[in-house]
1. When the helix-only estimate is applied to the chain (DSSP H runs of n ≥ 4, each -39,500 (n - 2.57), divided by the residue count), what is the mean residue ellipticity at 222 nm, nearest 500 deg cm²/dmol?
2. With θ set to phi - 60°, apply the Karplus curve 6.51 cos²θ - 1.76 cosθ + 1.60 along the stretch 190-198 and write out the HN-Hα couplings as whole Hz, x wherever there is a Gly or Pro.
3. Which label marks the calculated value of Rg and Dmax of the Cα atoms in Å, given the options [x] 21.5, 63; [y] 21.4, 70; [z] 16.8, 55?
4. Hey, what did the stretch 48-125 get for relative contact order, percent, Cα under 8 Å, at least 6 apart?
5. Spelling out what I want: for every residue of the stretch 87-102, take phi, set θ = phi - 60°, compute 6.51 cos²θ - 1.76 cosθ + 1.60 (Karplus), and round to whole Hz; glycine and proline get x.
6. Go through 33-41, 92-100, 200-208 and give me the packing order, highest mean Cβ count within 10 Å leading.
7. Dividing the Cα radius of gyration by the Kirkwood radius, what Rg/Rh value follows for the stretch 48-125?
8. From the phi of every residue in the stretch 59-69, what ³J(HN,Hα) in whole Hz does the Karplus formula 6.51 cos²θ - 1.76 cosθ + 1.60 yield, where θ is phi - 60° and glycine or proline is x?
Amino acid sequence: MAGDRRRALHLYDWNASITAAFLLDLGHLEVALRNAYDGALSLGVPAGGRHWVFDPPRYFPTRWKTARNGVRYNTNQEPQRLLAQATQTALIAVQAAARASGRPVPSIPPPGKVVAELPFGFWRFLTAAKHEKRLWVPHLHRAFAAGTSRSELDRRVSGLHELRNRAAHHEPLLRRTSTTGVFSLCTRHLVQRHDDLLVVAQLISPDLSDHLAATSSCLSVLARRPRADDR
């Protein structure tokens, strides 16, 4: 029993370490991804038009569908909600700063402030199939290396988003697997997520991918995972 408790503590400490390692790398990738998407979408703004964050109908128009249970729903409700929430949060912050310094209080926030407030979950779904014609083909493909597959990119970013959510909520990153009826703890999916991270970074910026490959501690922490016979 003492050995089991000791191993449990080792696993807990190790999970905290691998969580921190991935969150650091994912933080770099999230900033790069949002900047790349912002740049690509901004290129599509018509001359004299509003920044894309202030023009949701152009990029995320209301589209109604009927679910199998007969309930109608707006397929773009979530990006619309997240944009409105980010805009409001950014506006409150810049207005408070203006009042504190005695400057004129703005009625709209700087676009960059809104972009910074948008969560990873917003950017993650921009590569979904439903956005291919309106976002990917005319705009977002420019954020990545020529020839990038939207569906393949979406698969990788989806896995990274899931990993980030688990890490951010301090959930165990190990998986329990059983091939012979005996359960063991597996890290193969984490190795794959690290590979996904480097691939997506490479598609955005080779320099970013090189930096992450040189500085990431994920693989070294993965190699130190406590084993079944550790005591």
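Laboratory data are not the source of any read-out in this text; all were calculated from the coordinates shown. Everything quoted here is computed from the prediction, not taken from an experiment. Please note: Cβ atoms are built from the backbone with ideal geometry, for glycine as well, and neighbour counts cover all protein chains shown.
1. Per the formula, -19000 deg cm²/dmol.
2. 6, 4, 5, 5, 5, 5, 4, 4, 5
3. [y]
4. So the answer I get is 27 percent.
5. Those phi angles translate into 5, 5, 4, 5, 5, 4, 5, 6, 5, 5, 5, 5, 5, 5, 9, x Hz.
6. Ranked from most to least packed, the peptides come out as 33-41, 200-208, 92-100.
7. 1.11
8. In residue order, the calculated couplings are 9, 9, x, 5, 10, 9, 10, 10, 6, 4, 7 Hz.
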